[in-house]
Amino acid sequence: MDSAALEPSLYTVKAVFILDNDGNRLLSKYYDPELYPSMKEQKNFEMNVFNKTHKADNEISFLEGMTIVYKSSIDLFFYVAGSAQENELMLMAVLNCLFESLSQMLRKNVEKRTLLDNMDGVFLVVDEIIDGGVILESDPQQVIEKVNYRCVSEQAYGFVLFDYITGNMEDQGEKRQLL
């Protein structure tokens, strides 16, 4: 084996991609430009991975010299790929962080329609977890805070509605004085 291949590196993630239940790409980011340089090669790789994993109940696969961890949810498949020598637990931590962050952001409704409706936030989450193949964050709470996707709680709506019903709105009082 090549000794350079076994040296530790911060560049642990080679690719992240999300596919629908037909194997169509919804999101993909490749961090090693030499790995699959063309879109056609990337899609072929994704289809090979999907064909091998979509019916399996495993969480890890080895394909084309890559370690691939994956998770499915309703009609989505989440994949994180690293080199063959990469620590599977590190890749799984990235995958779990991605899934949990998206779950919080999408209010536990992790499915194709809501993912597509919130694609800008999905890209922000991926970029907050991984930058150029380097793992930056593995805590979903920190990712959500950094992305600043604050979900307005239902209580806040309740207070606004209560203030509206009772007429206890400051702006409303000012408008009445002007009239």
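The values are calculated or read from the model by the stated rules, or taken from the named source; none is laboratory data. The structure displayed is predicted, hence computed values, not measured ones. With ideal geometry, Cβ positions are generated from the backbone for all residues, glycine too; neighbour counts draw on all protein chains shown. Please note that ligands, DNA and RNA were not included when accessible areas were found on the heavy atoms of the full protein model with its side chains. Shrake-Rupley method; radii C 1.70, N 1.55, O 1.52, S 1.80 Å.
With respect to the conditions (1) in contact (Cβ under 8 Å) with a residue 24 or more places away in the chain; (2) within 24 Å of residue 10 (Cβ to Cβ); (3) part of a helix (DSSP H, G or I), residue 86 falls short on a single one, namely (3).
When residues in region 123-133 are screened for being surrounded by fewer than 18 Cβ atoms within 10 Å (Cβ to Cβ) and free of Cβ contacts under 8 Å to residues at least 40 places away in the same chain, 2 of them pass. Scanning region 51-62 turns up one or more residues that are in contact (Cβ under 8 Å) with a residue 12 or more places away in the chain and crowded, with 18+ Cβ neighbours inside 10 Å.
Scanning region 4-24 for residues that are open to solvent by 60 Å² or more (accessible area, probe 1.4 Å) and over 20 Å from residue 132 (Cα atoms) yields 21, 22, 24.
Looking only at residues in region 67-122 that are aliphatic (A, V, I, L, M) and loosely packed, with under 14 Cβ neighbours inside 10 Å, the one that is farthest from the chain's Cα centre (by Cα) is 84.
Within region 3-60, being aliphatic (A, V, I, L, M) and either part of a strand (DSSP E or B) or within 19 Å of residue 99 (Cβ to Cβ) (or both) holds for 13, 15, 16, 18, 19, 26, 27, 49, 56, 60.
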